[in-house]
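Notes follow once the structure below has been shown.
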Amino acid sequence: MRPSGDPGSGPGWHTGDGDEAAPRGLRALCSPTALTGGLTELAWFGAHVLMYPLGARMEQLRLDPSTRAGEQPPVARARLAVDPLAARTPVLLVHGLVDNRSVFAVMRRSLRRRGFAAVCSWNYSPLLTDVARGAADLGEHIERICEQTGHDRVHVVGHSLGGLIARYHVQRQGGDRRVDSLVTLGTPHRGSVLAHLAPTPLIRQLRPGSPVLEELEQPAPGCRTRVTALYSDLDQMVLPTRSGRCDHPDLGARNVLFRGVGHMSLPMHRGVLDEVATTLAGVREPGTTDAPVAAVA
C-alpha cells in the first residue's frame with residue numbers, strides 16, 4: 001500500500017467510508033485490477049495446494065530470543081516504537097474452512113521479520129461442526145499460550161472461518177479478557193450466500209441470517225478486544241463481499257477494503273501483510289474506516 005497525503009489523490013484511494021463507489025457488474029470483473037487479482041489468486045492457490053500437506057501437523061509455539069525490535073528495518077522499528085510491548089505480545093493465526101496453518105506461511109515469516117517474537121498457528125479439527133465448539137477450543141489454546149509465554153493477552157489473526165470463530169470467542173465466551181486485537185481476513189461476518197450450496201452443519205451456520213450469525217448481532221457491551229476487518233471486493237467466497245465488514249455497533253471495528261485481492265490471496269498479499277503488522281503494532285486507531293486500498297504488486 002502506498003497511501004498519499006491526500007486520500008483522494010492516489011490510485012485506489014477516494015473519499016468515503018466503504019465501497020459505495022465501487023464499479024459494478026461485468027465492467028468491474030473485467031477491469032485490470034480484477035484481472036490481475038484473479039491471476040494472482042490462481043497462482044497463490046496453486047502454491048497453497050503444494051504447501052498444504054506441510055501444514056497438517058500442529059505447530060508448537062517457539063519463542064525467538066534473537067528477535068529484537070532494535071534489529072528491524074527502520075520502518076518496522078517506527079511501527080513497534082508506538083507500543084514496544086506489541087513485539088512481545090504472542091500472535092496466534094487461525095485458518096479458514098478446509099484449510100490448515102500452511103495458508104499463513106508467508107504471514108508468519110513476515111511478522112517475525114517485522115519484530116513479532118512469538119507467532120504461531122492453530123489447526124482446529126477438520127471435522128468441526130459448530131462455530132461455538134471451535135471458539136471454545138480456541139479459548140483453551142489461547143490459555144495454553146498465555147501459560148507458556150507468561151503474557152496475559154494475545155493478538156489473533158483469523159482468515160475466513162477462522163476470523164468468525166475468533167470473533168465468537170471474543171464476543172460470546174468472554175475471550176476479550178485474553179484477546180487484545182483481532183484482525184479478520186475475508187471473514188463472512190454476515191454470512192455468504194455460497195453457504196446455501198452445502199448442507200453440512202458447519203456451513204449452514206455461515207448462511208446469512210443463521211442462528212449463529214444472529215447471535216453475533218446481539219449486544220456486546222464493554223468488549224475490550226480491538227477488532228479490524230480486512231475484506232476485498234474480489235472475494236470469491238464471501239458473497240456479497242460487503243459481508244466481510246464487521247459493523248457491530250458495540251465492537252467499533254475498523255473496516256479496510258482491499259481492491260482486487262482474492263480470498264486465498266489475502267493472507268499472502270503484501271499490502272495485507274503490512275496492514276496486519278501495522279494494526280498489531282498499535283499504529284492504527286480502532287473504530288475508524290479507511291478508504292479503499294488498491295492491490296499493489
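Here are the numbers for the structure shown:
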item	result
Matching residues, the stretch 174-189, being closer than 20 Å to GLU214 by Cα and surrounded by fewer than 20 Cβ atoms within 10 Å (Cβ to Cβ)	GLY174
Hits in the stretch 108-129 - residues which are surrounded by 15 or more Cβ atoms within 10 Å (Cβ to Cβ) and farther than 30 Å from PRO199 by Cβ	ARG108, SER110, LEU111, ARG112, ARG114, GLY115, PHE116, ALA117, ALA118, VAL119, CYS120
Which numbered condition ALA291 misses (of (1) at pLDDT below 95; (2) farther than 29 Å from ALA105 by Cα)	(2)
Residues located in the stretch 259-286, provided they are assigned to a loop (DSSP other than H, G, I, E, B) and crowded, with 22+ Cβ neighbours inside 10 Å	GLY260, VAL261, GLY262, HIS263, MET264, SER265, HIS269, ALA281
Selection status of LEU164, closer than 18 Å to ASP137 by Cα, modelled with pLDDT of 95 or more and buried (at least 21 other Cβ atoms within 10 Å of the Cβ)	yes
Identity of the residue in the stretch 213-258, touching a Pro at 6+ places or on another chain (Cβ under 7 Å) and assigned to a loop (DSSP other than H, G, I, E, B), that ends up nearest to GLY186 (Cα to Cα)	VAL238
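Conditions tested, residue by residue: (1) without any contact (Cβ under 8 Å) to a residue 60 or more places away in the chain; (2) farther than 18 Å from ASN255 by Cβ.
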site	(1), (2)
THR184	no, no
PRO201	no, yes
ARG204	yes, yes
SER210	yes, yes
GLN218	yes, yes
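The values are calculated or read from the model by the stated rules, or taken from the named source; none is laboratory data. None of the values given here were measured: they were computed from a predicted structure. Reconstructed Cβ throughout: ideal geometry from the backbone, glycine too, with neighbour counts over all protein chains shown.
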